[in-house]
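Bear in mind these aren't lab numbers, they're just calculated from the coordinates by the rules spelled out. None of the values given here were measured: they were computed from a predicted structure. So basically every Cβ, Gly included, is an ideal-geometry build from the backbone, and we count neighbours across all protein chains shown.
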Amino acid sequence: MSVQSMLKVERLTKTYPSAGGALTVLREVSFDLEPGASLAIVGPSGSGKTTLLGLCAGLDRPTSGQVALAGETIGDMDEDERARVRNDHVGFVFQNFQLIPTLTALENVLVPLELRGEAGREAEAQALLTRVGLGARSDHYPIQLSGGEQQRVALARAFINTPKILFCDEPTGNLDGDTAHAMTDLIFEVNRERGATLVLVTHDLELARKCQRILRLRSGAVISDERT
Amino acid sequence: MRFILKMAWRDSRASRRRLALFSLSIVLGVAALVAIGSFSANLQHAIEGQAKGLLGADLAVQSRSALTPEAKAFLESLGGERANEVSFSSMVVFTGSGGQTRLISLRAMEGGYPFYGEFLTDPKDAAGRLARGEAVAVIEETLMSQYQVKPGDSIKLGSSQFTVVGALKTIPGESAAVALLSPRVFIPMSRLAETGLLGPGSLVRYKTYFKFPPERDVEALVRDLRGRFRELRLGFDTVEERKRELGQGIRNVYAFLSLVGFVALFLGAIGVASAIHVYVRQKIGTVAVLRCLGASAWRSFAVYLVQGLGLGLFGALLGAAVGVAVQLALPSLVKGVLPFDVDFFVSWAAVARGVGAGLVICVLFTLLPLLPIRRVSPLVAIRSSFAEAADRPDPLRWVVYAAIVVAVAAFAWWQTPRWQIGVGFVVALGVSFGVLAGMARAVAWMARRFFPRRAPYVWRQGVANLHRPNNRTVLLLLALGLGTFLIVTLALTRATLLAQIQGTSDGNRPNLLFFDIQDDQIGPLRELLAKEGAPIQAQAPIVTMRISRLKGRTVEQVLKDETSKIPSWTLRREYRSTYRGTVAATEKVVEGTFVGSLTPGTEVTPISIERELAKDMQLALGDTVEFDVQGVPMQTRVASIREVEWRRLEPNFFIVFPEGVLESAPKFFVAATRVATPADSARVQQAVVGAIPNVSAIDLTLILQTLDGIFSKVQFVVQFMALFTVATGVIVLAGAILSGRYQRLRETVLLRTLGATRRQLLQIQMVEYAILGVLASVVGCGLALAASEAMARFVFETKGGFAPAILAGAVISVVSVTLVTGLLSNRGVATHPPLEVLRQET
């Protein structure tokens, strides 16, 4: 399917009930992202970055507004439909890696395919692991890998289902300086090779500047949307 | 599906040992059900296979009095091969053992009984010598060892000497359990008369056994003759009848024990649910990642449901294997109780039932902690605070609760044919668990509210563990308290009953009873007992009689009336009534006026009747009863109703006549006296039996021994089943502590990091487990006291006893078990360096 916009966000608002009344963490956020583009969402803690990422990726429902992901409007979908959309179009890289501790590196990479019922693609997963430099560690469990290695497995897993869009939540937040640099390069390299749209949330302005656009949030509202 | 199975298998890798440990909670519950079910199938099979040996004949006809010529003619008309037996209680004197005496059941035999099965003796030829009519006796094996009797020794029965030729091993139709009440002594019928024991008034049972040609339909014969049997006041027993009775008995016992076993399964399932709850909490991150990667809510849930199913299946299959092993041990446990041999085989139907019940209950309970998985938000992967969303109220939980109630009720209904028992079981189980859980919550609340804040740190930390978030207090108190409750209730009930019987001989109450005293023997007996230092404290004349009319209708009419709810035994039995002028110390008049002597010219004799009998016979004040007093009709009316304290070892009666009516009727006596010691009792009994051989004696010690013997057997079997619950409680305890171990690992490590010594950590654990043990045992004992008091009051109609030794023993045992299990389950946490423990955590 050919789409003009990979991610279209319209007047997105998210409000949570709280003891002191309704708490609006995101208000009237709109933007549009074409296929293959890269966008960094930056802002101070509590500005709504992660909430926005979660809503864009279909991990939560907005209080109002719409999100269209790869041409599919996900706001009205139920949780299982959104899960299907994520499996079809989305890749994730989390700050805390989020590998499944009971699966080996190879098995972690295979999960998105197995969820689709696709078997016999171990070679592909192995190739991806080799691509991220972990070809020899495929049968290791997460606990046997360093933080940087775990994040590389997560990157391989994010690309195994050939996603149209990759969401990264502080992908280098838990890594030391050198490892973070190497990881950043790898994310952009692989993303370039695979042609996916990239949305990443970060505090790191240096990392943000590697993206084509930077969306700045403060108190849940967009304060700037600039091209680098 | 493929993904679900694959993921479930892979995800369980690091936790399989833990999941297997959780599954152990249901192992014993399933094992109990399988063992009981399969053994019950063995018993039913044995009944079918040894049907004829159950009775030893095709038909047994019995009468409580010597057969009338009419009855004799009737029995002869039935044809077939016949054998006769006369049995009654009497005293045996072991002449070789210093003249010791013992109340026994004397059986005089003639004819070829048993026609089916074997009369087994040791040595084997003893039964043959009996049949040849020699002056020999075969005696109960227990008597041989108890009184050190060897073949060739002499015993005295009445005025005759008999040579013991062997010990009784088995005889068809009776289990060795009957020997608990009264050990058997067999002699030839031809030697009975010379003993002089059969006097008027002896409580004798006459039995005739028949063997018919195979083509004779005995059931049809009995159906045809049912009316005649009643008219002749004969009882009958056929192979089919015996099979039905035994089968029904076994089914009842099976149902009861299955329900006891089910309690263990239920407790185990709660343990599984609790462990899974902790397990699932640790899996929320994985579920969230799966959701992010595109797994639907139900798919993620299914991954863990499959693990729950696998766990249940593993536990159930292991339980079935343990159950089969236990089944191997059961025959030796019930040896001597069953009147037949049992061959061992595994009943696959029982195994399937046990495994099925285990799996269903386990999965239902597992669903409760698994349901929240459906609601884990994928957002948890990026924000852990969303984990609480899964804790919102879920209507599906109520569906699962309802399914659990239905499953428990269905199981109980399935085991027992009556739905009332199913409902009763669910209510009883709910109340027991509810009370224990409620008390546990109260304890946790009180620990938080009232524990002094200035107490030493290790005490405060130990107590704080009882009410901390995610505490296991309710589960642990449930697991330990329930087992304590069951075992202590049994022990207290036993103690209450025995104490009550012992209490009846307190002070100067009689504790030695003589019966079968003839009219002309009461005087000599009185003199003899006075000389022996045990003067008669109470005596009563006994006149035998039967009821011929009840409220104007003949007994036969009432018996034939199908709408009548009067039990037939009340109409057919021979009544042993007395006459006296006053109400005895063991009774009180609850209705009407007791008439002590007859006013001259009274036509209808005013009698006093015992309350329960009056209720059974639907008799009220003023109702008329006609008695047949050994051939003489006597009109009576109910003048008073008495409550009788039957437990006291004194002459008590259903029906009491006033003085001035029965004095001239043929009668015999019972008399009661008091002896100070067992040695005095033996001496007095020997003197009486030596002088008046037909008089039998029973003393309180013998009753206590008999009662204790019966109670021991029953208690042992029930306790054996209750032990499954206790052991399940310990496993649940270990499982809960182990799952708590994972929960508390960080805290312990933190304490270690902050400088807590191994000793301090150990003290904290000891305080916590000691408090749990004390609370569980106190709550369990409290419930047991209430239950045994209720049993005493409503079932045994007496006062419950307070047995400090039993309660203290229970508290010490439970606290010890809790401490040992707790410390063993937590070993390793305090002895490893913090970093090592942290690395072990998964």
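See the values below:
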| quantity | calculated |
| --- | --- |
| Cα-based reach from B:Lys52 at 20 Å (exclusive), listing lysines while leaving out same-chain residues under 8 positions away | B:Lys169, B:Lys207, B:Lys211, B:Lys243 |
| Relative contact order computed over region A:7-227 (Cα-Cα under 8 Å; 6+ residues apart), in percent | 30 |
| Unit charges on C-beta of K, R, D, E only; dipole of the protein assembly as shown, Debye | 2560 |
| Centroid-to-centroid separation of region B:51-105 and region B:132-168 [C-alpha atoms, Å] | 18 |
| Straight-distance crosslink candidates among lysines, where the alpha carbon sits under 17 Å from B:Lys551 and sequence neighbours closer than 8 are dropped | B:Lys560, B:Lys565, B:Lys615 |
| Coil-residue trypsin sites (Lys or Arg not before Pro) of region B:61-150, DSSP, other Cβ within 10 Å capped at 15 | B:Lys124, B:Arg132 |
| Alpha-carbon centroids, region A:182-228 and region A:1-69: separation in whole Å | 15 |
| In degrees, nearest ten, helix A:147-160 long axis to first principal axis of chain A (Cα) | 80 |
| For B:Thr605, distant residues with modelled amide H under 5 Å away | B:Gln635, B:Thr636, B:Arg637 |
| Alpha-carbon centroids, region A:145-159 and region B:338-382: separation in whole Å | 39 |
| MRE, 222 nm, helices only [DSSP H, n ≥ 4, -39500 (n - 2.57), over the protein assembly as shown, to nearest 500] | -16500 deg cm²/dmol |
| Debye, to nearest 20: dipole size of region A:7-227, +1 on Lys, Arg Cβ, -1 on Asp, Glu Cβ | 480 |
| Rough spin-label spacing in nm, given labels placed 7 Å along Cα→Cβ, for B:Val435 and B:Ser145 | 4.0 |
| A:Glu28 versus A:Arg192: modelled label distance in nm, points set 7 Å from Cα along the beta carbon direction | 3.9 |
| Extension gain (nm, one decimal) between B:Thr563 and B:Gln282, 0.36 nm per residue minus Cα-Cα | 94.5 nm |
| Gyration tensor (Cα) of the protein assembly as shown, equivalent ellipsoid semi-axes in angstrom | 83, 30, 28 |
| Tail beyond 54 Å, pair distance distribution of chain B (Cα, percent) | 29 |
| Lys/Arg +1, Asp/Glu -1 at C-beta; the protein assembly as shown dipole; positive extreme among B:Leu234, B:Gln630, B:Tyr769 | B:Tyr769 |
| Rg in Å to one decimal, and Dmax rounded to a whole Å, for region B:1-108 via C-alpha atoms | 30.4, 86 |
| Gained length - B:Glu612 relative to B:Met446, 0.36 nm times residue gap less alpha-carbon distance | 54.9 nm |
| Rounded FRET efficiency, nearest 0.05, which uses the C-beta distance separating B:Ala585 from B:Arg205 and R0 of 35 Å | 0.65 |
| Net charge over other residues, Cβ less than 13 angstrom from the Cβ of A:Gly36 (K, R count +1; D, E count -1) | +2 |
| Nonlocal amide H pairs with A:Gly75, under 5 Å, H built at 1.01 Å | A:Val67 |
| Qualifying lysines (Cα of each under 27 Å from Cα of A:Lys210; at least 8 residues distant if same chain) | A:Lys8, A:Lys49, A:Lys164 |
| Sites A:Asp139 and B:Ala20, calculated FRET efficiency, Cβ-Cβ separation with R0 41 Å, nearest 0.05 | 0.95 |
| Dipole of the protein assembly as shown, positive direction: furthest Cα of B:Leu106, B:Leu28, A:Leu110, with charges on the beta-carbon | A:Leu110 |
| Exercise: per-residue mean of other protein chain Cβ atoms within 10 Å, B:350-361 | 0 |
| Summed residue charge, Cβ within 14 Å of B:Ser90's Cβ, Lys/Arg positive, Asp/Glu negative | +3 |
| Chain B: angle of helix B:678-691 to the longest principal axis, Cα-based, in degrees nearest 10 | 30 |
| Between helix B:395-415 and chain B: long-axis angle, C-alpha atoms, 0 to 90°, nearest 10 | 20 |
| Diffusion constant of region A:7-227 at 4 °C, which comes from Stokes-Einstein with the Kirkwood Cα-pair radius and 1.567 mPa s, µm²/s | 73 |
| Normalised contact order of chain B, rounded percent, pairs of Cα under 8 Å and 6 or more residues apart | 17 |
| Label zone at B:Glu70, where the point sits 7 Å out along the Cα-to-Cβ direction: region B:612-636 residues whose backbone N lies under 19 Å | B:626-634 |
| Length added when fully stretched, B:Arg553-B:Trp398, from 0.36 nm per residue minus Cα-Cα | 49.9 nm |
| Globularity index of region B:535-673, i.e. its alpha-carbon radius of gyration over 2.2 N^0.38 Å | 1.02 |
